[in-house]
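Heads up, the thing below is written out as structure tokens.
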Amino acid sequence: MWTHQAFFHSLTRDQRSFFRNILATRIHEALELKKGPADLAQGPPIMFSLLLQTTEAYYSGGASTVIGSTTSPAAKPALNKLFDRYQEAGAQDKDIVGVEGTMKYFQDTGVDAEGLDALAALEIVQAPTMGEMSRNGFVNEWEERNCDTVDKQKAFIKTIKRELASNKDLYTRIYKYTFTIAKSSGQKAVPLDVAIVYWELLFSSPLSAVKWTSPNTPWLSWWSEFLNSSWKKSVNKDMWNETLKFAQLTLNDESMSFWNEEASWPSVIDDFVGWVKKEKRGDVQEEVMDEEY
């Protein structure tokens, strides 16, 4: 059941809406035709019982929740009131909860402010930047998940924490969103020192599905060392996303035989491969001399 719930979270908002619509249609068919799950399973290739179980777990509601509306009419007012609870006294922008309020929210929901679960929680509410929450993101995202109380949100986040280490799709979703909250407002790139801090968390946390180290290669340590000594530039979105792809490939192939000069890797990864071969593994590139006849 927990796997089903984490799967639902790994979908995009549009995909979740599409998923609910399918389920609602199938339930209506069952009610109108007086058929059971076994009969409906003979129709389109969608397991009715799995759809029902998944949506029940995700929304903490039951089949009736997804017919017509996923939440009660009181959910949005309750979530707005809950959001207001974390507003700092005298805050000018009533649609933003600042760092102090976000830290209090983390405490109430059992989130480690310095852990990977903090990034997961901020991804859930689509936080605009690290340490802040917007009213729209908080209300809309928790309303969609039918979590209109702190206890429900705490339980939902606990489930995500339980699944993160084994669910690469969920982890990838959080990894990619981290770029959004790591960069400053209005900027297109993340400062290198900030990116390294986030990589250290994302690639070494006990909750991580991609722990970037292998028996013979401390990849994360080498990556940080290389960047600090040889790169010095900011990290754009392409570099951020390709680093995850590269990390996963190196865990399956320590020799990096998947890499070649013709591949479309960012130049920083090309340089890192060369640095590893030369500085860490002592490879010496043979110079080919043209023979004169």
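What ranking of S205, S267, S72 emerges when the number of other C-beta atoms within 10 Å of each C-beta is taken as an exposure proxy, fewest first?
Neighbour counts put them in this order, fewest first: S267, S72, S205.
Normalised by the number of residues in the range 169-280, the average gap of Cα pairs under 8 Å and 6 or more apart makes the relative contact order 25 percent. Between R281 and S185, the simple label model (points 7 Å from Cα in the Cβ direction) yields a spacing of 4.6 nm. If Lys and Arg each add +1 and Asp and Glu each add -1, what is the summed charge of the other residues whose beta carbon sits under 15 Å from the beta carbon of L249? Net charge around L249: -1. By other beta-carbon atoms within 10 Å, ranking K211, K104, K161, K94 with the fewest at the front produces K94, K104, K211, K161.
Each Lys or Arg adds one and each Asp or Glu subtracts one; over the other residues with Cβ under 15 Å from the Cβ of S72, this totals +1.
Trypsin sites (Lys or Arg not before Pro), restricted to the range 230-261: which are DSSP loop and have at most 13 other Cβ atoms within 10 Å?
K232, K233
Arranged from fewest to most other beta-carbon atoms within 10 Å of their beta carbon, W275, W199 become W275, W199.
Of the GluC sites (Glu not before Pro) found in the range 110-161, the ones in coil according to DSSP and having at most 15 other Cβ atoms within 10 Å of their Cβ are E114.
With a cut-off of at most 12 other beta carbons within 10 Å, and DSSP calling the residue loop, which trypsin sites (Lys or Arg not before Pro) in the range 162-197 qualify? Please list them. Of the trypsin sites (Lys or Arg not before Pro), the ones in loops of the range 162-197 whose Cβ has at most 12 other Cβ atoms within 10 Å are K188.
At q = 0.16, 0.24 Å⁻¹, what is the base-10 log of I(q)/I(0) for the range 83-145 according to the Debye formula with one equal point scatterer per Cα and no solvent? Please give it to two decimals. At q = 0.16, 0.24 Å⁻¹ the computed log10 ratios are -0.44, -1.01. Close amide H partners of V235, meaning residues 5 or more places away or on another chain with modelled amide H under 5 Å apart, are V190, L192.
Laboratory data are not the source of any read-out in this text; all were calculated from the coordinates shown. Every value quoted in this text rests on a predicted model; they were computed, and no experiment measured them. A quick note on method: Cβ atoms are made from the backbone with ideal geometry, for glycine too, and the neighbour counts reach across all protein chains shown.
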